[in-house]
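This report concerns only the one structure given below.
The values are calculated or read from the model by the stated rules, or taken from the named source; none is laboratory data. Keep in mind that what you see is a predicted model, and the values were worked out from it rather than measured. Methodologically, a virtual Cβ is constructed for each residue, glycine included, from the backbone with ideal geometry; neighbour enumeration extends over all protein chains shown.
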């Protein structure tokens with residue numbers, strides 16, 4: 001049975017700019033998954049929207065937004081400026097933590113291509129990200145920060161994306177808690193029939209398995225991250 005999902009177009013007010021986002025919240029949401037898209041993509045990406053809807057039906061809230069404004073996209077250097085993109089993602093994460101609709105939900109990241117590198121750098125900075133999934137990611141662009149990432153990371157790559165497979169294998173050696181899943185017949189964009197459904201299954205299971213268990217003890221909360 002399909003879950004009831006409330007959908008909102010939100011204005012994310014950051015330092016000197018406003019960014020539009022799409023926030024989807026299923027009833028009884030477990031956590032929020034923030035999407036970090038790749039170069040040449042946006043919050044309107046059909047692939048990320050498809051994955052987001054799959055996560056919604058599994059009980060996860062999702063936030064899709066544009067990492068860059070239109071003006072910033074005009075400078076192609078920004079597209080591959082991972083420190084700049086990760087800082088933008090961190091600012092959006094802080095906004096989400098204060099958003100009343102989200103009730104301080106645990107936060108995970110879903111990154112694609114260069115957006116996965118930005119998510120990894122952001123996760124290295126924030127120790128409260130409970131899990132991260134990379135789809136066709138470029139973790140090599142975050143190489144110097146990988147050893148600082150505390151959360152469990154799932155690296156998903158298509159079997160036909162040969163160069164990116166090698167980049168992810170190398171990155172895995174630098175990550176403390178990670179797994180590499182290779183989807184048969186998939187290329188870099190996962191355009192082949194059924195491959196994005198496999199991404200959804202893997203991502204859903206990863207976020208569910210790594211979901212933090214929060215227990216109240218005395219006047220404070222203790223949090224355990226499961227599945228390490």
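So which of 52, 61 is under 18 Å from the mean Cα position of the chain (by Cα), crowded, with 17+ Cβ neighbours inside 10 Å, modelled with pLDDT of 95 or more and over 23 Å from residue 139 (Cα atoms)?
On inspection, the qualifying residue turns out to be 61.
Restricting to region 190-199, count the residues that are buried (at least 18 other Cβ atoms within 10 Å of the Cβ) and touching a helix residue (DSSP H, G or I) at 6+ places or on another chain (Cβ under 9 Å).
The total comes to 3.
Tell me, please, whether a residue that is part of a helix (DSSP H, G or I), without any contact (Cβ under 8 Å) to a residue 60 or more places away in the chain and in contact with a helix residue (DSSP H, G or I) (Cβ under 8 Å, 6 or more places away or on another chain) can be found in region 102-116.
Checking region 102-116: not a single residue is part of a helix (DSSP H, G or I), without any contact (Cβ under 8 Å) to a residue 60 or more places away in the chain and in contact with a helix residue (DSSP H, G or I) (Cβ under 8 Å, 6 or more places away or on another chain).
Listed residues 34, 19; which is more than 17 Å from residue 137 (Cα to Cα) and part of a strand (DSSP E or B)? Lay out the reasoning, then the answer.
Details: 34 fails: more than 17 Å from residue 137 (Cα to Cα).
From the options 34, 19, the qualifying one is 19.
Can you name the number of the only condition in (1) under 19 Å from residue 179 (Cβ atoms); (2) at pLDDT 95 or above; (3) surrounded by 24 or more Cβ atoms within 10 Å (Cβ to Cβ) that residue 147 fails?
(3)
Which of the residues spanning region 104-135 are in contact with a strand residue (DSSP E or B) (Cβ under 6 Å, 6 or more places away or on another chain), closer than 19 Å to residue 169 by Cβ and at pLDDT 95 or above?
Those that are in contact with a strand residue (DSSP E or B) (Cβ under 6 Å, 6 or more places away or on another chain), closer than 19 Å to residue 169 by Cβ and at pLDDT 95 or above: 111, 116, 119, 132, 133, 134, 135.
Within region 152-176, which residues are in contact with a strand residue (DSSP E or B) (Cβ under 6 Å, 6 or more places away or on another chain) and either within 20 Å of residue 198 (Cα to Cα) or surrounded by fewer than 16 Cβ atoms within 10 Å (Cβ to Cβ) (or both)?
If the condition is that a residue be in contact with a strand residue (DSSP E or B) (Cβ under 6 Å, 6 or more places away or on another chain) and either within 20 Å of residue 198 (Cα to Cα) or surrounded by fewer than 16 Cβ atoms within 10 Å (Cβ to Cβ) (or both), then 152, 153, 154, 155, 156, 157, 158, 159, 164, 165, 168, 172 are the ones that fit.
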